[in-house]
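Visitor: Take this structure first; my questions come after.
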Amino acid sequence: MFTIRLQQAKPDEHILETPAAPDVVPERIGPVPEEDAAEIPAVGLLEITEKSLLVVDDSAELRQYLVKMFSDKYVVYEAADGNAGWKLAQRHVPDVIISDVLMDGLSGFELCRNIKQEPSLGHIPVILLSGLSQPGNKLKGIECGAEDYFIKPFDQELLAARIRTILENRNALQQYFRDNIALQENHQKYPPRTRNFLKSV
C-alpha cells in the first residue's frame, strides 16, 4: 500500500500573476465643447502683419527722415541711389517704392520704368519725390508708371495718407479677385442663391 502526501502551501505564500490586459476599445472623440475651445479670430486671405517700403534717395538726411516717419508702421528698406534701389527691389519685392528723381546711376524715372517693365515687380506702386516742379517732369513721372509725383518739400501727412490709400485699394482689389477665383473653382463654397447674387454685383 502506497501513501501519497501533498504539501500544503503556507498561508504567507502567494503566487503573483499579471492579469491579461483587457481589450481596449478607443473611445470615439467627439467635438470639443464650446466652453473648452479656444477663441480663434478669423483671418482674411489678405490680412498681412507687415507691409514694406523701399526708400531710394541720395540724401542721407531725407532717407533718415522717411525711415523715421514710416518705421513704426512698415518695414523700411533704404538705398542711396537708383542702382542700389533696383537691387533691393529685386531682393525684397517691397509693397511700395518711394524714390527721388535726380540721383547718380539710375534716375527715379529710369528706376520706375525698370520696375514697371519687370514682370515680377511691375505690380509695385512707385511714388516719386522731386525738386523739379515743372509740369513736364510730373507728366514724365506719371508716363513712366509712377502712381504719384510729390514735389519737395512735400506734405508729410499727405504722403502718408497716399501710401495708406494705395495699399488699402490694392488689398481690396486683390481680395476681390481672390474671392472670384475661389467662387469659380469651388462651387460648393456658397449656396446657389448667394453665388447668383455675387455674380450680379
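Bear in mind these aren't lab numbers, they're just calculated from the coordinates by the rules spelled out. Just so it is clear, the model here is predicted, and its values are computed rather than measured. A quick note on method: Cβ atoms are made from the backbone with ideal geometry, for glycine too, and the neighbour counts reach across all protein chains shown.
Visitor: Which distance in nm do the two modelled labels at I142 and S71 give, with both placed 7 Å along the Cα-to-Cβ direction?
Guide: Using points 7 Å along Cα→Cβ, the separation is 3.5 nm.
Visitor: If you don't mind, there's one more thing I want to ask. Of the peptides 107-118, 50-61, 164-175, how do they stack up when ordered by the mean number of other Cβ atoms within 10 Å, highest first? Before the final figure, lay out each step's value.
Guide: Numbers: 107-118: 20.3, 50-61: 18.3, 164-175: 13.5.
Result, highest mean Cβ count within 10 Å first: 107-118, 50-61, 164-175.
Visitor: Pop the C-beta distance of A60 and A172 into the FRET formula with R0 = 45 Å and round what comes out to the nearest 0.05. Before the final figure, lay out each step's value.
Guide: Working: r = 36 Å, r/R0 = 0.80.
Once the sixth-power term is evaluated, E becomes 0.80.
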